[in-house]
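First up is the structure itself, then whatever we jot down about it.
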Amino acid sequence: MLLALNCRLDVVESITLKQSHQAYAFGIGAILLWSTVATAFKLALEHYTPLQLVFIAVSTSIVSLGIILAIQKKLSLITQQFIHRPWFYLQTGLLSPFLYYLVLFKAYDLLPAQQALSLNYTWAILLPLLSVPLLGQTLKKSDMVAAAVAYLGVFTIATKGNLTGFHFESLTGVGLALTSTLLWSLYWIVNTKDKGDPVVSLLLSFLVGLPFVVVALLMTQHLPTWHAQGMLAGVYVGLFEMGVTFVLWLIALKKAERTASITTLVFITPVLSIAFIAMVLDETIESSTYKGLMLILSALALQQALPKFRQWRNKKRMPAL
């Protein structure tokens with residue numbers, strides 16, 4: 001009996017270890033793909049306007065997510081979830097993909113990829129700040145410290161290290177990049193109320209957002225014409241910024257024994273992205289970008305570490321029973 005119990009424990013440990021390895025494999029795969037999309041943005045924007053790129057990418061994402069849901073036999077959930085909460089999906093569809101990606105791609109169109117990437121990454125700092133008035137959450141000291149450090153990094157990048165000169169390469173581009181963080185944070189705050197299947201919800205946001213993209217495109221420009229490199233880059237963005245990579249990340253989180261062990265992988269993304277930007281786009285990476293990005297990543301680390309340190313310190317102070 002003891003032997004049988006030991007064998008059962010070995011099997012459980014083996015399954016747990018296998019799932020942990022799978023979680024890291026899916027997580028690293030998602031991170032590697034996300035790290036390449038900033039480069040793909042710039043390649044696509046050489047041939048298409050930001051709005052045309054949104055159209056190509058969203059259309060691609062709809063097809064890819066539809067195929068994934070068909071494989072998972074969840075297509076019936078699309079109608080069910082939409083009928084249950086149409087106003088919710090109208091909000092998410094307007095915020096993302098329509099407004100968020102339009103603003104983000106315009107920022108990439110005006111700024112070097114290294115700047116747009118780094119500035120956009122501050123959404124994770126803005127999100128907890130917006131959660132205070134919009135979700136009634138408490139503002140932590142760690143959030144305030146992280147915000148101060150992160151936006152010093154933003155200012156460093158935006159001014160190319162000339163902190164006293166107040167010279168911006170493109171003030172409009174900087175403004176749009178920071179606006180994209182606001183839109184993305186609002187999108188995630190609205191999504192805290194979502195109770196449906198996350199992949200179905202993502203597809204519904206794209207399905208609802210696409211008509212707004214098409215109307216805006218027909219009123220102001222024209223549908224994108226064929227260009228091999230531009231179209232491939234746009235399809236790549238739709239697959240690996242909006243669609244497939246999101247599903248890989250969800251699988252990684254589901255299989256992870258500890259969610260925190262996977263989410264910390266996100267810190268690798270901007271570093272790898274800068275490497276791809278330098279290699280593929282041949283951008284000379286400014287020293288101010290490195291400094292600013294390190295400040296932003298330090299802010300994200302502080303945001304995670306300070307509350308844990310406070311909990312540990314409080315435990316140490318508790319008298320023994």
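Across 10 Å bins from the origin, how do the percents of Cα pairs in the chain run, short distances first?
Percent of pairs per bin, in order: 6, 22, 32, 24, 10, 4, 1, 0.
Direction-averaged shadow area of the convex hull around the Cα atoms of the range 117-211, nm²?
Taking a quarter of the hull surface, the average projection is 7.9 nm².
Given the C-alpha atoms of the range 45-97, compute the convex hull and give its volume per residue in Å³.
That works out to 76 Å³ per residue.
Counting C-alpha atoms alone, how compact is the range 183-317: give Rg to one decimal and Dmax as a whole number, in angstrom.
19.8, 66
Largest first and in whole Å, give the semi-axes of the range 20-125's equivalent ellipsoid, each being the square root of 5 times a Cα gyration tensor eigenvalue.
27, 20, 14
Once you order the gyration tensor axes a ≥ b ≥ c over the Cα atoms, which shape class does the range 212-288 get: rounded for a/c under 1.5, otherwise prolate or oblate by comparing a/b with b/c?
oblate
Quick check for me: using +1 on Lys/Arg Cβ and -1 on Asp/Glu Cβ, what's the dipole size of the chain about its Cα centre, in debye to the nearest 20?
1420
Which ³J(HN,Hα) values in Hz, rounded to whole numbers, follow from the phi angles of the range 231-244 under the Karplus curve 6.51 cos²θ - 1.76 cosθ + 1.60, where θ = phi - 60° and Gly and Pro get x?
Computed from phi, the couplings for the range 231-244 are 5, 4, 5, x, 5, 4, 4, x, 6, 10, 9, 9, x, 4 Hz.
How are the alpha carbon pair distances in the range 18-60 distributed across 5 Å bins from zero to the largest one, expressed in percent?
5, 19, 19, 17, 12, 10, 9, 6, 2
Here, each number is a calculation from the coordinates, and none is a lab measurement. On a predicted model such as this, the values are computed, not experimentally measured, just so you know. Virtual Cβ from ideal backbone geometry, glycine too; neighbours counted across all protein chains shown.
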